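The values are calculated or read from the model by the stated rules, or taken from the named source; none is laboratory data. As the structure is a prediction and not an experimental result, all values here were calculated from the model. Virtual Cβ from ideal backbone geometry, glycine too; neighbours counted across all protein chains shown. Note: areas computed on protein heavy atoms with side chains; ligands, DNA, RNA excluded. Shrake-Rupley method; radii C 1.70, N 1.55, O 1.52, S 1.80 Å.
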Amino acid sequence: MRKNYLLTPGPTPLPPQISEAMSRPIIHHRTPQFQAILKEAAEGLKHVFQTKNDVFILASSGTGAMEAAVINLLSSGDTAISVEGGKFGERWTEICQAYGINCDVIKVQWGKALEPSAIESRVQNAKSKVKAVFVTLCETSTGVATDIEAIGKILKDTEAVLVVDAISGLGAIPCSTDAWFCDVVVSGSQKGLMLPPGLGFISVSPKAWKLIENSKSPKYYFDLKQAKKAWDKTDTPFTPAITLIIALNEALAMMRQDGLENIFARHKKMAEATRKAVKALGLELFAPDASSDAVTAVKVPAGIDGEKLVKTMRDTYGVTIAGGQSELKGKVFRIAHMGFIEEFDIIAGIACLEKVLAQLGFKFSLGKGVAAAQEEFLKK
Ligand SMILES: Cc1ncc(COP(=O)(O)O)c(C=O)c1O
């Protein structure tokens, strides 16, 4: 018998109401019954994205929504800026390159935060007009949160649109689409929204629609003009992921009931307890100056095999955390506290981390991490 704990930055655990919603009999999508569901989803997404703009639902993982953003906004030969501070920032550059977009890359040291003024100078000094700036709300590979609000202020009076990858972070940490002047925000279902993978989301501002009107990139499945035509009639151009959208409404209702501010405060608490716990064990945060409240990256201490640590926690004890990606493979491990996670999930995760660290020969006093987390949770 094995009880599993999922502490990864996507997928995240499913609340029972969501699993139940997905077990209901399938219905047809071109029906008044499904239209009512779609209408509810459209409203609920606006609430979570904190926007008046349409938020389209795509049957794809988050990367599909990223690709939709690039191909709908831009054309081959256009200039854009991408911010690369980790694996997912790099994805923006790769998608742009796949479609012939000239991507001016702002490299940020992994684990550090972007200095927003870097964007201001790049936009001002660019040889050709910058049409879009691609950034990442929470860089899942490093656990860094970006100051999107500051970037929005810089770009709002320029011609460039601000495109935010909020795949990791939406519904967990603040992302105020309209108040922060984000033109396009993309997300996915399997993180803060507490659903299985399979839905992509994309919000589009009036400023972004102007670019979309002129984009010549090839597109078919992810053509947002087609999506809008259907959306205006509360419909989708292709068969939607019906079951996932029904489950989405459960998640959106739960989030409305909890209230976004309470949800953000809960994530902050989970993150703070996790950070305090690992520090109490003598471990170092990978991104101490710009920690995201959605996922915590921790440096693997000297002499410990980081991959073995993650593998043993998962395969021997059923506690799944994430290892490092790309250049951070074996160098960091990541504990997510995103979505349907509460204090005893964190305590179980920290307890397991302690057990395996002890087995691997790391010297620390057993129980100190759990105690630090408990102390944090005891605070109001
Ligand atoms: C910040 C960020 N961007 C993009 C992605 C890619 O999303 P997906 O795997 O849903 O395509 C992820 C997934 O981990 C992510 O965390």
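The distance separating the Cα centre of the range 284-326 from that of the range 329-349 comes to 9 Å.
Quick check for me: using +1 on Lys/Arg Cβ and -1 on Asp/Glu Cβ, what's the dipole size of the range 190-231 about its Cα centre, in debye to the nearest 20?
140 debye
When a 1.4 Å probe is rolled over the protein heavy atoms, the share of accessible surface on the range 15-95 that falls to carbon and sulfur comes to 54 percent.
Within the range 324-380, list the chymotrypsin sites (Phe, Trp or Tyr not before Pro) lying in a DSSP loop whose Cβ has at most 15 other Cβ atoms in a 10 Å radius.
Values: sites: F333, F340, F344, F362, F364, F377; in loops: F340, F362, F364.
The qualifying sites are F364.
Pick out, from L360, C103, G169, the residue whose Cα sits farthest towards the positive end of the charge dipole of the chain, with +1 on the Cβ of Lys and Arg and -1 on the Cβ of Asp and Glu. Farthest along the dipole direction, towards plus: L360. In the range 187-273, a dipole from Cβ-located charges (positive for Lys and Arg, negative for Asp and Glu) runs towards its positive end, and of N262, A230, L193 it is A230 whose Cα lies farthest in that direction. Near D78, the amide H atoms lying under 5 Å from its own belong to N102; only residues 5 or more places off or on other chains count, and H is placed 1.01 Å from N. Report the FRET efficiency, 1/(1 + (r/R0)^6), for S128 and K279, where r is their Cβ-Cβ distance and R0 is 51 Å, rounded to 0.05. That pair, S128 with K279, gives E of 0.65.
Ranking of R30, R91 by solvent-accessible surface, largest first: R30, R91 (1.4 Å probe, protein heavy atoms only, all chains present). Only the Cβ atoms of Lys and Arg (+1) and of Asp and Glu (-1) were treated as charged; on that basis the dipole of the chain about its Cα centre amounts to roughly 400 debye.
Based solely on its DSSP helices, what 222 nm [θ] is calculated for the chain when runs of n ≥ 4 H residues each add -39,500 (n - 2.57) and the sum is averaged over all residues, nearest 500 deg cm²/dmol?
Working: 13 runs with 161 residues, N = 380.
Calculated from helices alone, the mean residue ellipticity at 222 nm is -13500 deg cm²/dmol.
Among DSSP beta bridges whose residues both lie in the range 147-233, state the antiparallel percentage, nearest 5. List each step's numbers first, then the result.
Working: 5 of 8 bridges.
Percent antiparallel among DSSP bridges in the range 147-233 is about 60.
Given the C-alpha centroids of the range 150-185 and the range 75-113, what is the distance between them in whole angstrom? The distance from the Cα centre of the range 150-185 to that of the range 75-113 comes to 16 Å. Put a dot 7 Å past the Cα of E342, heading toward its Cβ, do the same for A230, and the two dots end up 3.8 nm apart. Partnerless cysteines in the chain, where a partner means another cysteine C-beta under 4.7 angstrom, comprise C138, C175, C182, C352.
Run through the DSSP bridge list for the chain and note the antiparallel percent, rounded to the nearest 5. Write out the running numbers ahead of the final one.
Details: 21 of 41 bridges.
Within the chain, antiparallel bridges account for around 50 percent of the total.
Which one, V184, L283, I212, projects farthest toward the positive side of the charge dipole computed for the range 182-324 from Cβ point charges (K/R +1, D/E -1)? Of the listed residues, the answer is I212. With all protein chains kept in place, the per residue accessible area of the range 40-139 amounts to 37 square angstrom at a probe of 1.4 angstrom. By definition, a body whose alpha carbon gyration tensor gives a ≥ b ≥ c is rounded when a/c is under 1.5, and the range 271-371 falls into this rounded group. Among C138, C352, C96, the largest mean-square fluctuation in a Gaussian network model of the chain (Cα springs under 10 Å) belongs to C352. Computed over the chain, relative contact order equals 23 percent, with contacts defined as Cα pairs under 8 Å that lie 6+ residues apart.
Charges were assigned to the Cβ only: +1 to each Lys and Arg, -1 to each Asp and Glu. The resulting dipole of the range 248-375 about its Cα centre is roughly 400 debye.
Ignoring ligands, DNA and RNA, what percent of the accessible area of the range 259-328 is carbon or sulfur (1.4 Å)?
Details: 1400 of 2880 Å².
C and S fraction of accessible area: 49 percent.
Can you pull out the trypsin sites (Lys or Arg not before Pro) in the range 223-287 that DSSP calls coil and that have at most 15 other Cβ atoms within 10 Å? Intermediate results must be reported in sequence, preceding the final value.
Numbers: sites: K225, K228, K229, K233, R256, R266, K268, K269, R275, K276, K279; in loops: K233.
Sparse-neighbourhood loop trypsin sites (Lys or Arg not before Pro): K233.
Only protein heavy atoms count here; on that basis, with a 1.4 Å probe, Y99 has an accessible area of about 60 Å².
Among bridges DSSP assigns within the range 34-168, what percent are antiparallel (round to 5)?
Numbers: 2 of 17 bridges.
In the range 34-168, approximately 10 percent of DSSP beta bridges are antiparallel ones.
To test your reading of the geometry: what angle, between 0 and 90 degrees and rounded to tens, separates the Cα axis of helix 242-258 from the longest principal axis of the chain? The two axes meet at around 70 degrees.
Suppose a student asked you for the relative contact order of the range 18-129, using Cα pairs under 8 Å spaced at least 6 residues apart; what percent would you report?
Details: 86 pairs, mean separation 19.4, N = 112.
Normalised by residue count, the contact order of the range 18-129 is 17 percent.
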